[in-house]
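What follows is one structure encoded as C-alpha cells, with my remarks underneath.
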Amino acid sequence: MKVGLIGRRGSGKTTIFNMLTGLKTDVGHDRRQIHLGVIKVPDQRVDRLAQILKPKKTTYTEIRFTDFPPSEVSERLRGSTELLSQMHEVDAIALVLCDFGPEANPFKELNELMTEMILSDLAVVENRLARLKKEKGKGQESVFLERCHKALEDEKSLRSLSFTPEEESVLSGFGFLSRKPVLAIWNIADERAGQPLLPAYEEELRRRGIRGLVLAGKLELEIAQLNETDREIFLKEIGMEEPARARFIRATYELLDLVSFFTTASDEVRAWTIRKGTPARKAAGKVHSDMEQGFIRAGVVPYEEFIALGTEAKCREAGKLRLEGKDYVVRDGDIIHFRFNV
C-alpha cells in the first residue's frame, strides 16, 4: 500500500512523515526532493500465529509513504514526469492541513489542495483528448474523457462520477489524482492533542465525501520517539488511547476498505492486504501470479477458530477447515492455503 503526503509549506507535513516512518528528514525549508519511507503494519494476529507455529520467518504487510515537495513547489514541478508518475502511483493521498498558529486556515488549504488535484487531472485529460483527436480513433474513450473534462472544468473531482467496468479499466491507467481516496489530516497545536475532529470539520468532510483525522504532529513525533512504557504513560496523561501511527493506519485501512488474510506455508507466517470483497482467486494472485492463473481451490480457516484449536489438523478434524472455490470472498482474518496447478 502506498500513501502520498501532500501539503503547503509550514503545514507540518514532513514532521508527520517523520512521526509515521521513524525517519529524521529535515524540515522547514523549500525543498524539491521527494522522501520515501516504509513501515511494517503491526498485527497482533500475526504475532500470535508466530508464537504458535514458530516459523523461520514472520512477514507483516507494509505501508510505503511518499513525502512530496510542498504544494507550491509541486506546482512549479508539475511538468516533471517523475513527480507526476509518483503521485499517480499512490493508493491514497493524505492532505496535511495546518491548524495551529494565528494565521491557520485549514479550510482554505483543503480547498486549494483539492483544486490543484483537479487542475492536474484536467491537464492530463486535455492532453489525451488532443492526442486522440490527432489519431482520429478510440471514439468511446473520447466520449467518456469528454465527460471527465466537463466535470473537471466545473471543479468537480472525478470521484464524483460513476463509470462502467470498461471505462474503469481505461481510467486506471491514468492514475487520476482526483479519483484517489483522500484523508484530510488536521495538524493541530500541542495543547489541543487528544481532541476529536471539530463538528465544522466533520461537516466539511461529509460535504466533500472524504475522511479526516486529527494529529498533533510535533507532540506526537516526540511521543513516537519514547520507549514503549513511557509512551503509554504519556498517552494516558493526555487522554489518548493509542499513538498517532496506529490511528493513521486504522484510518487508512478504513479509507481504502482493506482487510488482511494470512498464509502459513513454507515455514513463514505472512500477512497480506486486499480490498474488502476480493474473491479467493484474485487474493491468490496477491501471493503469486501462478496461484491466480492455476487456482484450484482454497483451504480456509478463520483466525479465531485456529487460535481456539491450535493446529490445522485439529481444525480439519473439527470441520473448521473449509475448501472454497475461486469466487469465495476472502474475509478479514482468514488463514488460507491456496491449491493450484502451474
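The values are calculated or read from the model by the stated rules, or taken from the named source; none is laboratory data. These figures come from a predicted structure and were not determined experimentally. Neighbour counts are summed over all protein chains in view; Cβ atoms, including those assigned to glycine, are modelled from backbone coordinates with ideal geometry.
Selection of region 232-287 for residues being in contact (Cβ under 8 Å) with a residue 60 or more places away in the chain and aliphatic (A, V, I, L, M) yields 244, 246, 249, 251, 255, 256, 258, 259, 265, 269, 271. Consider region 93-115 and keep the residues that are in contact (Cβ under 8 Å) with a residue 24 or more places away in the chain and surrounded by fewer than 18 Cβ atoms within 10 Å (Cβ to Cβ). The one that is farthest from residue 155 (Cα to Cα) is 101. Region 236-342 holds helices (runs of 4 or more DSSP H) entirely within its bounds, and those carrying 2 or more residues that are surrounded by 14 or more Cβ atoms within 10 Å (Cβ to Cβ) and touching a helix residue (DSSP H, G or I) at 6+ places or on another chain (Cβ under 7 Å) map to 244-256, 280-287, 289-293, 303-309. Residues of region 205-235 that are at pLDDT 90 or above, under 21 Å from the mean Cα position of the chain (by Cα), surrounded by 15 or more Cβ atoms within 10 Å (Cβ to Cβ) and outside any strand (DSSP E or B): 205, 210, 216, 217, 220, 221, 224. Contact annotation: residue pairs with Cβ atoms under 6 Å, 6 or more positions apart or on different chains, pairing a residue in region 331-342 that is in contact (Cβ under 8 Å) with a residue 24 or more places away in the chain with a partner that is charged (D, E, K, R), are 339/297; 342/290. For region 150-194, filtered to residues that are touching a Ser or Thr at 6+ places or on another chain (Cβ under 8 Å) and part of a strand (DSSP E or B), the residue that is farthest from residue 255 (Cα to Cα) is 187.
Is there a residue being over 22 Å from the mean Cα position of the chain (by Cα), among the acidic types (Asp, Glu) and more than 19 Å from residue 88 (Cβ to Cβ) anywhere in region 135-150? Scanning region 135-150 turns up at least one residue that is over 22 Å from the mean Cα position of the chain (by Cα), among the acidic types (Asp, Glu) and more than 19 Å from residue 88 (Cβ to Cβ).
Within region 39-65, the only residue that satisfies the criterion of being in a loop (DSSP other than H, G, I, E, B), of a type in the set (Val, Ile, Thr) and in contact with a Lys or Arg (Cβ under 8 Å, 6 or more places away or on another chain) is 61. Restricting attention to region 11-22, the residues being within 21 Å of residue 98 (Cβ to Cβ), in contact with a Gly (Cβ under 8 Å, 6 or more places away or on another chain) and in a loop (DSSP other than H, G, I, E, B) number 1.
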